[in-house]
Every structure is written in structure tokens, then in C-alpha cells.
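For reference, the structure is listed below as C-alpha cells.
The values are calculated or read from the model by the stated rules, or taken from the named source; none is laboratory data. All values reported here derive from a predicted model rather than from experimental measurement. So basically every Cβ, Gly included, is an ideal-geometry build from the backbone, and we count neighbours across all protein chains shown. With ligands, DNA and RNA removed, areas are computed over all heavy atoms of the protein, side chains included. Shrake-Rupley method; radii C 1.70, N 1.55, O 1.52, S 1.80 Å.
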Amino acid sequence: MDQLIHFLSANSNIRHATPESADFADLREQFVIQETRTPGIIVRPRTIEDIASLVKVLTINNLPFSVRGGGHDMFGRTVVEDGVSIDMREVSHIHVDKASHTARVGGGVIILDLHREFDKQKVTTAHAVTPTVGFTGWAIHGGYGLLSTNYGLGSDQIVGARVVDGQGNIVDADETLLTAIRGGGGSVAVIYELVIKVYPSEKILGGFVAYQSADLVATIRQYNENYRKLKYEKIPPAMGLFQGVIDGPGGRLFTIFVLWSSSDLEEGQKWVDRVAELAPIAVKNVAPTTILEFSELVATLTEKKSYATIFCPGFYDLTPEVTDVIGTYAKNRPNYPGPAFGIHELRAEAPREFANSVFNARDPHFLVEILALAASPEAFEELREWGQRFYDALMKTDPANVYPISYIPLNPDERLDFRLIYGRRYEILKKAKQQYDPSNAFKHSVVRP
Ligand SMILES: Cc1cc2nc3c(=O)[nH]c(=O)nc-3n(C[C@H](O)[C@H](O)[C@H](O)COP(=O)(O)OP(=O)(O)OC[C@H]3O[C@@H](n4cnc5c(N)ncnc54)[C@H](O)[C@@H]3O)c2cc1C
């Protein structure tokens, strides 16, 4: 560590914090509260040259390091105990180029800040449902969200990148490297900047529909049976839906977040009404708004930091067998404010140009996020046990319906079989890894092929 401290004192443009620094506690904070795993030092580069020199100093001196964006890894893998945390949040530029329908986005930009800038420019892009997540950390691992069916996954938005490779070289990514970045996470490079696709966006329809939930098992089953039928009528790709159960002031409610992302709001309203009819309705609150306003609403529903973990099985279909388990466990969840689960869907109509990507989970499927989020360790333990039982019950349903590809960010290391996850794209990722990070400098990234 002395070599790094020496380097930082000679390069005072790179800010840093040690456990003795007044701002250390704030800087190390992540979405998941971690009382034990603490970085030895947090370094805060601003330029790509800073990152390149840092990677050189760290690798030459064999110092363990990890890269931090929005700090939303659910298993705390963003931090190496006593290691160096390269905190990317100072790399926060956002430049929209309307002529090329792209934007350059710094590797530490938080999605809510992206929405704020895009709102001014009247554009948008695919994004995570929860806007406190880091855009790069979300996009490079796949990136599900309410615009996935309209515009594709996060990885599919990436058209360029400026990075620092495992040897500290500054690289404008070629197609080989871009292919690895699209789904390969931070395993081959530190991403200084992504160039992403953007789409015109002004008014959208956004909000939620809550259904009568006295009998959660019946409501969730009915909604999903009717939803399956509605899909035969070809729901337009602009309609994004995210189902979940929330404990609110009105009790426990089965709720769907709705985001209609086309400018044809009249058509959107018709489809919102169809969705509202899928089960007996309690409240419908979907109105013309902007992606920014909608995301600000979602942000109010998510804790800033929690004792937390997640269980995230995938299914080809939400069959009655699966929804009955979801309903049963939603009903018997310990009382706690906030969401019990959320369901992402990759629909068949999602754009399918993904030849140049290692992200392999491309069949239509659902991801069930079982959330154990609590403000105290005691409440967390109770929720974690409930989540484990919920997961085990889901995994006892028809094995042929279980989607075999785990979503890396939302699964613990013991459930990550990278060969299985990347399938025939595994060798492409390995080849890029050998080319850009032959000495495995990024061994602490979430993806470890
Ligand atoms: C509340 C919550 C909501 C979520 N919602 C969604 C959702 O709607 N859809 C979805 O698909 N996922 C979702 N996720 C998962 C989330 O997208 C991933 O965990 C993502 O990796 C988090 O990125 P981050 O930058 O915030 O986190 P971090 O913990 O900072 O980063 C995670 C890892 O990404 C890599 N990384 C991040 N930035 C860089 C960079 N600039 N260069 C190189 N590597 C980098 C590093 O390996 C790092 O360890 C959610 C997670 C949480 C906690």
C-alpha cells in the first residue's frame, strides 16, 4: 500500500480517502449495508489518464482492487476487504449527440442523474427500474428494465467504449472488446465511458395499477393467466410491466409498475386499460408523465441502503404452479414496509440483434427477484429465511420451466457457473480476457470467467 500512497501524494489530482478520512464512511456506503467488508483505501479518479496510471501502480505492486460504480451489487462484491476501491463516481459526464442518436456516459453515472440530463435533452435509453443503480454497472451485466421490450437490454445499447485494460492501456474499444463488454461486466476493463443509443422521448405514460389483494394467491394467478392471453394479442413493445407486491399504508398490495414509452399516448391508454382489467382492480394511477418523474416516484419506494440479499430464479413462463408459490410466499412474508418481490420479463418482441454480445439469456423469460431488504439485522434475518424458503419452493416447481441461465448480478457466487451462463459465448469472453487482461488484474470483478 505504501507505493500507492506515495503515488497518490505525487498525483494530488486523484482524490482519495482512508479509514481515517472524515468522508470515508460516506464514500464506502453501498446499497447493501456491510459492517465488516471495508476497503483499505478509496481512490476517486476523474480522467481516463488517472485510471490508467492507477491500474499500472496497482498491478505492478500486486495490490488487490475492485471497481465501484453505483454500489448496488446485492452481495457486496464491489469491495475487496482491505483492498483498493476505484470509485468511479467522479467520472460523471453525460454528453448527448442528437445527430448520431447517441450519448457518452461516464463510467460512474447514476441512472437518476442520466434521467435528469436526458430529460433536458428530450431523449431516453433503456435503464434499470430502480434509478439509484449505476448505469454502467447495470448495462455491462445485461441490464433488464421497463424499456427492454421496446429498446433491448442495457448491453444492447452500447455502441462504443473508452476503457483502461488490465495492463493500464487506454483503449478505444474495437468490436472484439465491445462484444465482451456487452454482458461480460467489468471482467476485461475499467469502463471510463460508454457510448450508448438514445431515443427521442417527451411524454410517456407511467404509474402503477394495484389489484384487490385480499386473496393474493388468486389475484396473482388470475392476473398472470389473463396476461398470458393478452400477450397473444401482441402487446406493443412500448408497454413495459413490472409486477410486485408492496406493503404500503393500504396493506399488502399486488401492484404493477406500468411504463408506456411510445409518444402515441392514446394507444397507450387503451393498453393500460386492458392491463387494469387483468384482475379486479383496487387503484389505477397511470398518467402522462416523463421518464424522470416516473423514476423519481420509483426512487421514493426503494430504501437508500439496507441489510439485504436477493434470490433470483428465472422461468420460461409464469405458470399457475409458479404463481401459486409466488402468491403463497407474498402472503406469508413477515410484515415489513417495501417490496417483497419484483418480476422482470424479457418478451419475445424485444429487439434481437445481439450477435455482438456475450449476454446469452435471450429466450423470452421471467426473472423473479425475491427481495429481503431490512433496516435492522434482526428483521433482515427473518426476511432472509423467508426468502430462502420462497426460493426453495419455486425451485421445486417443474424443472423444465426453470430458466437455466442465472442473471449474474442478482445471484450469489455459488450459483454462478460462468460456462453455463455464457454458453457458446464463453470462449469469446475468454479470448477477449486473454487479449485485454492476460494477468487477470480484474480478478475481483463480479464476473470471473
Ligand atoms: C435496488 C436494486 C435495484 C436493481 N434493479 C435492477 C434492474 O431493474 N435491472 C437489472 O438488470 N438489475 C438491477 N439491479 C442489479 C444491478 O443492475 C447490478 O447489481 C449492477 O451491477 C449494479 O451496478 P452499480 O454500478 O450500481 O454497482 P457496483 O456495486 O458499484 O458495481 C457492480 C460491479 O460492476 C462492475 N462495474 C461497475 N462500474 C464499472 C465500471 N465503470 N467499469 C468496470 N466495472 C464496473 C464492477 O465489477 C462492480 O463490482 C438492481 C440492484 C439493486 C440493489
Of all trypsin sites (Lys or Arg not before Pro) in the range 26-71, the ones in DSSP coil with at most 16 other Cβ atoms within 10 Å are ARG37
Quick shape check on the range 292-370: root eigenvalues a ≥ b ≥ c of the Cα gyration tensor, a/c under 1.5 is rounded, otherwise prolate if a/b tops b/c, else oblate, and it reads oblate
Can you tell me the 0 to 90 degree angle between the C-alpha axis of helix 175-184 and the longest principal axis of the chain, rounded to 10?
60
Between 0 and 90°, nearest 10: helix 111-121 axis offset from the chain longest Cα axis
80
Looking only at aspartates and glutamates whose Cα falls under 19 Å of LYS431's and that sit 8 or more positions away or on another chain, we get ASP165, ASP172, ASP174, GLU175, ASP417
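Given the pairs LYS305/LYS443; LYS122/LYS284; LYS231/LYS284; LYS120/LYS203; LYS197/LYS304, which are separated by over 19 angstrom at their Cα positions? Mind showing how you got there, number by number?
Working: LYS305/LYS443 26 Å; LYS122/LYS284 27 Å; LYS231/LYS284 21 Å; LYS120/LYS203 12 Å; LYS197/LYS304 28 Å.
With Cα atoms farther than 19 Å apart: LYS305/LYS443; LYS122/LYS284; LYS231/LYS284; LYS197/LYS304.
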Which one, SER21, VAL55, VAL43, is farthest towards the positive end of the dipole of the range 2-88 when Lys and Arg carry +1 and Asp and Glu -1 on their Cβ?
VAL55
Segment LYS98-ASP417, extension gain: residue separation times 0.36 nm, minus the distance between their alpha carbons
110.8 nm
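Using a ≥ b ≥ c from the Cα gyration tensor of the range 2-88 (square roots of the eigenvalues), is it rounded, prolate or oblate, where a/c under 1.5 gives rounded and otherwise the larger of a/b and b/c decides, a/b for prolate? Could you put the intermediate results ahead of the total?
Details: a/c = 1.68, a/b = 1.58, b/c = 1.07.
It comes out prolate by the Cα gyration axes.
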7 Å from Cα along Cα→Cβ at both GLN269 and ALA299: what's the point-to-point distance in nm?
2.9
Share of the range 2-88's accessible area from carbon and sulfur, percent, 1.4 Å?
49
Per principal axis, descending, Cα span of the chain in whole Å
66, 52, 42
Where the accessible area of the range 204-412 is counted over protein heavy atoms with a 1.4 Å probe, how much of it, in %, is carbon and sulfur?
54
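Under the classification rounded if a/c is under 1.5, otherwise prolate if a/b is larger than b/c and oblate if not, where does the range 60-162 fall, given a ≥ b ≥ c as square roots of the Cα gyration tensor eigenvalues? Can you show the working numbers first?
Numbers: a/c = 2.17, a/b = 1.74, b/c = 1.25.
Because a/c hits 1.5 or more and a/b exceeds b/c, the range 60-162 counts as prolate.
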For the chain, what is the accessible area per residue in Å², given a 1.4 Å probe and the full set of protein chains?
40
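How many times 2.2 N^0.38 Å is the alpha carbon radius of gyration of the range 204-412? Working shown, then result.
Values: Rg = 16.8 Å, N = 209, 2.2 N^0.38 = 16.8 Å.
Normalised by 2.2 N^0.38 Å, the Cα Rg of the range 204-412 equals 1.01.
For the range 169-239, which GluC sites (Glu not before Pro) are in a loop by DSSP, counting at most 10 other Cβ atoms within 10 Å? Let's see the in-between values first.
Working: sites: GLU175, GLU193, GLU202, GLU225, GLU233; in loops: GLU202, GLU233.
Sites meeting the loop and neighbour criteria: GLU233.
Relative contact order of the chain, please, whole-number percent, based on alpha carbon pairs below 8 angstrom and at least 6 residues apart.
Averaging sequence separation for qualifying contacts and normalising by length gives 17 percent for the chain.
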Determine the calculated [θ] at 222 nm for the chain from helices alone, applying -39500 (n - 2.57) to every DSSP H run no shorter than 4 residues and normalising by the residue count; nearest 500 deg cm²/dmol.
-9500 deg cm²/dmol
The alpha-carbon center of the range 183-205 and that of the range 215-251 are separated, in whole Å, by 28
Between 0 and 90°, nearest 10: helix 48-60 axis offset from the chain longest Cα axis
70
